[in-house]
Amino acid sequence: MEKDRVDKYLDGLKKDAEKSGYFLNPDDEFLEDLAEGLLTNIDRYGYQACPCRLCEGNMESDLDIICPCDYRDDDLDEYGACFCALYVIKDIVDGKKEAESIPDRRKKEKEKKKNTGKITNPLSAVPYPIWRCKVCGYLCARNNPPQLCPICKAQKERFERFG
């Protein structure tokens, strides 16, 4: 793959991560390999499916693993890195902690969604708590609030459970 294309893609990933309060893996060689995998999947499927998971090639089936995947934030909270280790916590960037292998939560989450039954109240059907940023009102549904609000950059402590 063309190095210029990979570098340009990585620049975009880095800017987007930084703007949103996330960190990319500090290992440049590893990061380039992941970028090549994401670009390969863009060329192959038309979307950036996680290069570390089996992709079905059907966007609707793969929505949960389009980078950034649905599991990134829970993986970061629990393990300090997402499944493919593209995204990591600041302690890993600073060298205070090392990224390690983590289990793939995708199958477990897909099974949970299959067994949810009929939806009556849309908010009660969300399998995660809803968090609200007290500064700007941003809402997100996930196990824990984000480290940094993607809208106003408020810290995790500025979120409250909603509803």
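The values are calculated or read from the model by the stated rules, or taken from the named source; none is laboratory data. This one's a predicted model, so the numbers in the text were calculated from it and none came from an experiment. Methodologically, a virtual Cβ is constructed for each residue, glycine included, from the backbone with ideal geometry; neighbour enumeration extends over all protein chains shown.
Exactly one residue among Glu60, Glu100 is outside any helix (DSSP H, G or I), over 21 Å from Lys153 (Cα atoms) and at pLDDT below 95, and that residue is Glu100. For region 12-52, the set of residues classified as touching a residue at least 24 places away in the same chain (Cβ under 8 Å), surrounded by fewer than 16 Cβ atoms within 10 Å (Cβ to Cβ) and over 20 Å from Ile89 (Cβ atoms) consists of Thr40 only.
Tell me yes or no: at least one residue of region 108-116 is modelled with pLDDT under 90, surrounded by fewer than 13 Cβ atoms within 10 Å (Cβ to Cβ) and in a loop (DSSP other than H, G, I, E, B). Yes - at least one qualifying residue is present in region 108-116. Within region 68-90, the residues that satisfy the criterion of being without any contact (Cβ under 8 Å) to a residue 60 or more places away in the chain and under 17 Å from Asp28 (Cα atoms) are Ala81, Cys82, Cys84.
Only residues that are over 15 Å from the mean Cα position of the chain (by Cα) and among the small types (Gly, Ala, Ser) were counted in region 1-34, giving 1.
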